[in-house]
């Protein structure tokens, strides 16, 4: 009995400790909400000025030599994105305080979350292209850490790596595009590019710049054929999915397209690419949403659908088309973040988020059901909801597309009809009907968790009833930021009986039909995906395996442990990279020195050549070492004859030390006679390579000496050595003072190499 009582006491103590830890982590999560709340308050403070057309700027020099400055700029577009990022950041942080309560790694979680949020804020406010790229890569790294947060899961690790490789490759493409923009003639300052009539569209580099920028945007925003990584990223914790893949990260590519629209947009290549790629992504992703049963994965496919629609509309160049993109950006951020957070609540309370295991939760979780209803109706585009406003302007924009208006209209109607059906599934399946017997008793979560879905779902109703306020305070200035024509932007609840209204009715009707056919459609999509001979995800997997195999084969070939092979590769690259262009430009014009003018030096060269010959034909190691000593002494004599006694002395000392060390090492090896003889062709190739490398270096040196030398650096050191470093020996002063850290690093390398050599010698067994 005493043992049972002690066991119960230990269990109670453990439960009490766990509850205390959960309360502490929840409290810490609440404290961290101060950061996104502070950013949100700051943006709200700037809002009135930006709403009337002002642009706020802030700049500090960072690395002026490469035109990299800490330049930040808040205009209408940056404000819209900033409010989405910081507002969603507040809700997700509060939500996470309850969702992650008791988790052992909450500190790491909130650090990654807010690091990502700051990186995203940096992207949307940066006014320097290099600075934008720094923050762009910041989102890539932090998203990798967040997607793979559950690092004990191999699936999470693989999905995180996939997101990192795909978006990281796009980031490298974006960097190339940025550098090409600079090469095309201009500044890294974004506002300067947009303000000037730079004529970049007529520049010869424009096609390459366009491809690189679009690759960066398409990979980040999961456009076809790079759409496969986003649904797989759902292995991240649910609040992270809400933040990264509904409100922030995947919108970075859309932001890039909007920001670069005045610079690169309007061409046939831009319009065709964005309309076609966006339309295909939207329809295909909407169809794929009917395959999975995991609610997070369903929402992930609808996210790629929304991103495709925004991309398609950014292919236009008129106010209605661009207004549709900006409006749908806000519409999607609100309803999708609310739905993701609600799915997290369902999973947290019911222990599952599979649609086939849920039902009848509406009465037990009324607040959650209300938030999901508001978000789902907005997603479906029902009247009086903000999604209806977005859908109306979307259809008006599709009809006004400059390229392929029929394709854009059909894609928009079909994708939105599919979203109606998905919204009905997300709302009705978990909350309507009877609760399965296997489900535990559920209830609404603490306020920190239900506040986010409610706060994000409520604006979908308010903005739908008062769209004029939204357009006047947010959308208009955002559109004007990347549409300099400054056409009037007005959102209305009622535009009268027109074609967009008719298309809205068709969308709802078709969505109802699709909802009735959702089960056969889901089976059909699952079968199609299984039978596809080639898919984007499969291509990625195959490409990754081929890359790893080729990397392994290359490494095994190049890193084979042979010092002779390494030196051969280095010299081959030197000769191949330098010899041909040097022969074309300079070697034929070199005036070779007259041997009669340097007769004594010629004699030393003969001595060096004889020493080299001794090394090559030596039958024992002592003779080879002696030949090396002769070569080193000859080089020292050359330095002495041409007026460099200090270098000659250094060379002689180093040569002596080298001979001693080499003697100690080589004399412990087997005799040369016992070594395996090299084949004749290898000797011939080594000799030819040595002669080629020597000829290249000799001709390069002679060519350089025939041109006047720039002695400005020499004059600087000559003037500053005594004044600044109190030394008259310029070489010593450079090594000890001006290059002190470099010299210290070299000494460190030499010491470590000697240390390693001594360790290896000690471990070598004595020959028997």
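Computed from the coordinates by the stated procedures, all read-outs in this text should not be read as laboratory data. For clarity, every value in this text was computed on a predicted model and none was experimentally measured. FYI the Cβ positions are ideal-geometry reconstructions off the backbone, even for glycines, and counts take in every protein chain you see.
For the chain, the Stokes-Einstein estimate of translational diffusion at 10 °C and a viscosity of 1.306 mPa s comes to 51 µm²/s, using the Kirkwood hydrodynamic radius over alpha-carbon pairs. The modelled label-to-label distance for the pair residue 528/residue 682, using points 7 Å beyond Cα in the direction of Cβ, is 6.0 nm. Computed over the Cα atoms of segment 711-768, pair by distinct pair, the Kirkwood hydrodynamic radius stands at 13.9 angstrom. Kindly identify segment 32-264 as rounded, prolate or oblate by the Cα gyration tensor criterion: order the square roots of the eigenvalues as a ≥ b ≥ c, call it rounded if a/c is under 1.5, otherwise compare a/b with b/c, prolate if a/b is larger, else oblate. Judged from the Cα gyration tensor, segment 32-264 comes out oblate (a/c at least 1.5, b/c at or above a/b).
In terms of other Cβ atoms within 10 Å, 57, 317, 434 run from fewest to most in the order 434, 57, 317. Here the extension length gained between residue 556 and residue 619 equals 19.4 nm, from 0.36 nm per residue of separation less the Cα-Cα distance.
For segment 266-516, the C-alpha radius of gyration divided by 2.2 N^0.38 Å, with N the number of residues, is 1.01. Pairs of Cα atoms nearer than 8 Å and 6+ residues apart set the relative contact order; for the chain it is 10 percent. The calculated 222 nm mean residue ellipticity attributable to helices in the chain amounts to -24000 deg cm²/dmol, summing -39500 (n - 2.57) over DSSP H runs of n ≥ 4 and dividing by all residues.
For a test of the definition: using alpha carbon positions, the gyration tensor, and the 1.5 limit on a/c, classify segment 601-642 as rounded, prolate or oblate.
Because a/c hits 1.5 or more and a/b fails to exceed b/c, segment 601-642 counts as oblate.
Packing around the peptides 691-697, 199-205, 226-232, taken as the average count of other Cβ atoms within 10 Å per residue, puts them in this order, highest first: 226-232, 691-697, 199-205. Relative to the dominant Cα principal axis of the chain, helix 536-558 is inclined by about 10°.
If packing is taken as the average count of other Cβ atoms within 10 Å, what order do 263-272, 447-456 fall into, highest mean first?
On the way: 263-272: 17.2, 447-456: 22.5.
With the highest mean Cβ count within 10 Å placed first, the list reads 447-456, 263-272.
As a proxy for reagent exposure, 509, 241, 86 were ordered by neighbouring Cβ count within 10 angstrom, fewest first; the result is 509, 86, 241.
Counted by neighbouring Cβ atoms within 10 Å, the residues 96, 191 run from fewest to most as 191, 96. Please list, by residue number, everything in segment 124-150 whose backbone N is under 18 Å from a paramagnetic label point 7 Å out along Cα→Cβ of residue 111. Output list for this probe position: 138-150. Full extension of the chain segment joining residue 294 with residue 656 gains 123.0 nm, where the gain is 0.36 nm per residue of separation less the Cα-Cα distance.
The length gained by stretching the chain between residue 739 and residue 535 to full extension, at 0.36 nm per residue less their Cα-Cα distance, is 67.9 nm. For segment 193-346, the relative contact order works out to 28 percent when only alpha carbon pairs closer than 8 Å and six or more residues apart are counted.
Relative to the longest principal axis of the Cα atoms of the chain, the long axis of helix 645-666 makes an angle of roughly 80 degrees. Summary value for segment 104-205: 24 percent relative contact order, contacts being C-alpha pairs under 8 angstrom separated by 6+ residues.
Normalised Debye scattering of segment 344-443 at q = 0.17, 0.18, 0.25 Å⁻¹ gives log10 I(q)/I(0) of -0.76, -0.81, -1.22, counting only Cα atoms as equal scatterers and leaving out solvent. Computed from the C-beta positions of residue 51 and residue 499, the FRET efficiency with R₀ = 30 Å rounds to 0.40.
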